[in-house]
1. Checking the conditions here, which among Glu196, Glu203 is modelled with pLDDT of 85 or more and open to solvent by 70 Å² or more (accessible area, probe 1.4 Å)?
2. For the subset of segment 229-249 comprising residues that are aliphatic (A, V, I, L, M), open to solvent by 10 Å² or more (accessible area, probe 1.4 Å) and not in a strand (DSSP E or B), which member is modelled with the lowest pLDDT?
3. Report, ordered by the first and then the second residue, all pairs with beta carbons closer than 6 Å, sequence separation of six or more or different chains, a first member in segment 114-141 that is farther than 18 Å from Pro238 by Cα, and a second member that is open to solvent by 30 Å² or more (accessible area, probe 1.4 Å) and among the aromatic types (Phe, Trp, Tyr).
4. Here's a check for you: in segment 250-269, which residue that is within 10 Å of the ligand (Cβ to nearest atom) and touching an Asp or Glu at 6+ places or on another chain (Cβ under 7 Å) is most open to solvent (accessible area, probe 1.4 Å)?
5. Residue by residue through segment 201-228, note down the ones that are in a helix (DSSP H, G or I) and either without any contact (Cβ under 8 Å) to a residue 60 or more places away in the chain or farther than 26 Å from Asp311 by Cα (or both).
6. Check Ser172 against each of (1) under 24 Å from Leu233 (Cα atoms); (2) part of a loop (DSSP other than H, G, I, E, B); (3) open to solvent by 100 Å² or more (accessible area, probe 1.4 Å) and name the one condition it does not meet.
7. Can you tell me how many residues within segment 298-320 are under 22 Å from Ile247 (Cβ atoms) and open to solvent by 10 Å² or more (accessible area, probe 1.4 Å)?
8. Can you tell which of Ala291, Ala295, Ala275 is open to solvent by less than 10 Å² (accessible area, probe 1.4 Å), part of a helix (DSSP H, G or I) and more than 16 Å from the ligand (Cβ to nearest atom)?
Amino acid sequence: MLNRRNWMVGAVALPAAAQAQTAGKPKNIVISSANGLTCCDIAMSWIRSGKDTLDAVVAGVNVNELDPNDNSVGYGGLPNEEGVVELDACVMHGPTRRAGSVASIRGIKTPSKIAKLVMEETDHVMLAGEGALRFAKAMGFTEENLLTEKSRLAFLVWKRTLKDQNGHSNWSDGVDAPPGKSPKALLRLFPNVDEETLAWAHEMAVRPPTGTINCLALNEKGEMSGCTTTSGLAWKLPGRVGDSPIIGAGLYVDQEVGAAGSTGRGEENIRTAGAHTIVENMRHGMSPAEAVMDALKRVSRNYDHDLKRLDKFDINFYALRKDGAFAGGSLWSGQMRGTGFVSRQFAVNDGTGNSRLMDCAYLHERRRP
Ligand code: GLY
């Protein structure tokens with residue numbers, strides 16, 4: 001059952017922390033998930049130089065897609081259960097009301113660019129898997145290996161942590177296989193890897209993250225666009241598609257109202273069509289923070305507000321209204337993972353300087369560290 005105290009904590013935390021209200025004319029604003037400080041800087045610089053809002057957000061998220069150290073997006077993203085990186089991305093362009101998307105695409109570092117090309121160059125909205133890769137190649141992109149040494153290490157450590165119902169694994173702790181599940185044993189197995197990197201790999205293995213970047217932009221002319229891009233859930237079944245490429249879940253833009261997006265466990269967002277829900281909430285008069293909080297309540301309601309089950313995942317929503325008001329909201333007050341992948345913060349650039357992090361509102365209070 002929903003704990004009234006938790007409910008109230010979320011409600012009380014809402015207005016001060018996560019909401020920036022403005023009124024009147026639109027202005028230049030870019031917001032993103034917390035991993036997008038540089039992304040927002042770049043998108044804002046493009047907007048200030050008069051570039052299209054969609055070009056701006058795609059240029060911004062490209063930084064994360066190409067960053068081998070962002071293990072939740074693009075190149076360096078954590079792979080599926082077969083060790084292959086599969087990426088999801090989508091874009092929406094407010095001025096033309098068009099959208100493009102790719103799901104489960106392999107071998108392309110910047111899936112946001114392919115999603116934009118699907119929008120611009122085809123009569124479709126979404127391409128998936130092999131077809132998406134073939135389209136990317138036809139558009140001149142080169143197929144590349146997206147697995148970095150670091151993400152390959154995390155994959156091997158994940159393999160070693162697996163066991164069947166009898167406690168058996170072909171990778172570790174068998175008759176012939178070396179002992180290898182504990183962080184200490186891993187140090188012996190990977191003598192050339194430093195302790196910190198191994199600890200990170202172990203954390204990724206036992207608690208698969210669902211990072212992602214969502215970026216939303218508004219310019220002074222009232223034009224809005226958005227992009228969401230991800231490597232999805234680590235160790236997923238091949239072909240698993242999350243919310244990020246789903247128009248209306250991972251992203252929705254209607255520049256007559258506003259834009260919204262999400263990071264975190266995509267399955268929950270798909271079930272609530274979160275981004276579309278938030279935009280429609282704003283259309284019917286809710287503030288961005290109220291709209292985000294309503295979407296989080298819908299996620300919570302899908303588990304009858306059972307906090308024990310809800311505690312197994314994180315999800316964030318972000319909203320930007322056509323007048324520049326914005327908000328970020330998290331299901332939980334504290335991070336479950338300790339990984340930084342689903343942060344309780346979000347990034348903002350209002351055109352007056354460098355991007356900064358702001359706290360999300362939250363629905364439930366997570367009491368343990
Ligand atoms: N939100 C990213 C995913 O679940 O794939």
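The values are calculated or read from the model by the stated rules, or taken from the named source; none is laboratory data. The structure presented is a predicted model; accordingly, all values stated were derived computationally and were not measured. Methodologically, a virtual Cβ is constructed for each residue, glycine included, from the backbone with ideal geometry; neighbour enumeration extends over all protein chains shown. Just so you know, the surface numbers come from the protein's heavy atoms only, side chains and all, with ligands and any DNA or RNA stripped out. Shrake-Rupley method; radii C 1.70, N 1.55, O 1.52, S 1.80 Å.
1. After applying the criteria, what remains is Glu196.
2. Leu233
3. From segment 114-141, no pairs qualify.
4. Pass one, segment 250-269, residues within 10 Å of the ligand (Cβ to nearest atom): 250, 261-269.
In the following step, the residues that additionally are touching an Asp or Glu at 6+ places or on another chain (Cβ under 7 Å) were identified as 250, 262, 264-266, 269.
Working: Gly250: 0, Ser262: 1, Gly264: 4, Arg265: 74, Gly266: 1, Asn269: 0 Å².
Ranking the candidates gives Arg265 first.
5. Step one: list which residues in segment 201-228 are in a helix (DSSP H, G or I), which gives 201-206.
Scanning segment 201-228 gives Ala201, His202, Ala205, Val206.
6. (3)
7. Of the residues in that region, 2 qualify.
8. Ala291
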